[in-house]
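The values are calculated or read from the model by the stated rules, or taken from the named source; none is laboratory data. Nothing here was measured: the structure is a model prediction, and the numbers come from that model. Ideal geometry is used to build each Cβ from the backbone, glycine not excepted, and the neighbour counts take in all protein chains shown.
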Amino acid sequence: MEGSRVTLNQKKRALIAGIAGQDGSYLAELLLEKGYRILGFLKKEDDVSVISHLVKDVVLEETELVRKEDIIRWTRLFAPDEVYNFAGVSFIPASWDDPYRAFQVNTLLVTAFLEVLKDHCPGTRFYQASSSEIFGDPPVSPQDESTPHNPVTPYGVSKLAAHLLTGLYRRRHGMFAVSGILYNHESPRRQDYFVTQKIARAAAEISLGRTEKLRLGNIDAKRDWGFAGDFVLGIWLMLQAKEPDDYIIATGKSHSIRDFLSAAFGHLGLSWEEWVETDAALVRPVEVGLLVGNPARARKKLGWEPAVSFDALVRMMVDAQVARLSRSVK
């Protein structure tokens, strides 16, 4: 095999930028099961609790914003067959607070990866974590890979720039570079400031004796929610395909935050209406449209299907919070 590609009797090597996050940690588990050697990039301030069970099996490199010099050095030393870029500002409201950082991490970092791989490791396959937010307020729903882009947040614009750059390098330089247009995906590893985890934690706390209310913004907002563990399988399959292409990874089904509340509180025998208050101050300054993904291309070309249902996902997150909180009070 050419370039950095390994021979059949060697382990494949993967570099995961953002390994300490939800997606990075699930992907690392998947790749270890498949016999990969893994190098993970993380930041000094990252919470490594979700990968604590993996530390002995992976190589970790601490680097702020994944500097270009570090990418060059480790690409040469590690010679990865596959690079997965999950590094970025993922909390959308934060992109309004600091749009410069959103572009620095979500766009310029991707440019650095693409340039380094083009110059130093052209045979490496590259995955870029794109987002449904590139569609923003879409003219049609559900969306597919040909739906016009219309981001309505700095986060969405920064992700769209990276998405377009990835496709440009694929066409101009013949790189195996793909973008996964991921819709909302959750898990027990989701950070606490995301609304799904806020709801799961509040339901668990209330079931264990909490008395204060949960305050939320627009509970009628709808999203296409799936399980992160399912989504990383789709990501891996993208880099195993014969030809590079961009793919939507989604469930194709829409649920409101109200639906999430009902499933989470109902799982514990609670009525969410008694415990939830809406607060206009928590509503997004610009709300996205109805983002629902059509995963037909991934289904047809990759054989990918989501396995975990919406209700099962909600129960999984609530049960994990109950277990976590129960351990903390012992």
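Computed values, structure above
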quantity	calculated
Neighbours by Cβ (under 6 Å, 6+ apart or cross-chain): first from segment 110-121, over 15 Å from G174 (Cα atoms); second of a type in the set (D, E, K, R)	A112/K68
When residues of segment 23-46 are limited to those that are in contact with a helix residue (DSSP H, G or I) (Cβ under 7 Å, 6 or more places away or on another chain) and not in a helix (DSSP H, G or I), the one surrounded by the fewest Cβ atoms within 10 Å (Cβ to Cβ)	L39
Test: residue in segment 252-259 that is among the aliphatic types (A, V, I, L, M), in the same structural domain as S95 (by TED's automatic domain parsing) and under 22 Å from the mean Cα position of the chain (by Cα)	no
Any hit, segment 220-227, residues being farther than 19 Å from A312 by Cβ and part of a loop (DSSP other than H, G, I, E, B)	yes
Verdict on F194 being within 18 Å of the chain's Cα centre (by Cα) and under 21 Å from A323 (Cβ atoms)	yes
Any strands (runs of 3 or more DSSP E) falling wholly within segment 47-143 and containing at least 2 residues that are under 25 Å from R189 (Cβ atoms) and of a type in the set (F, W, Y)	125-131
Failed item, numbered, when A129 is tested on (1) at pLDDT 95 or above; (2) surrounded by fewer than 24 Cβ atoms within 10 Å (Cβ to Cβ)	(2)
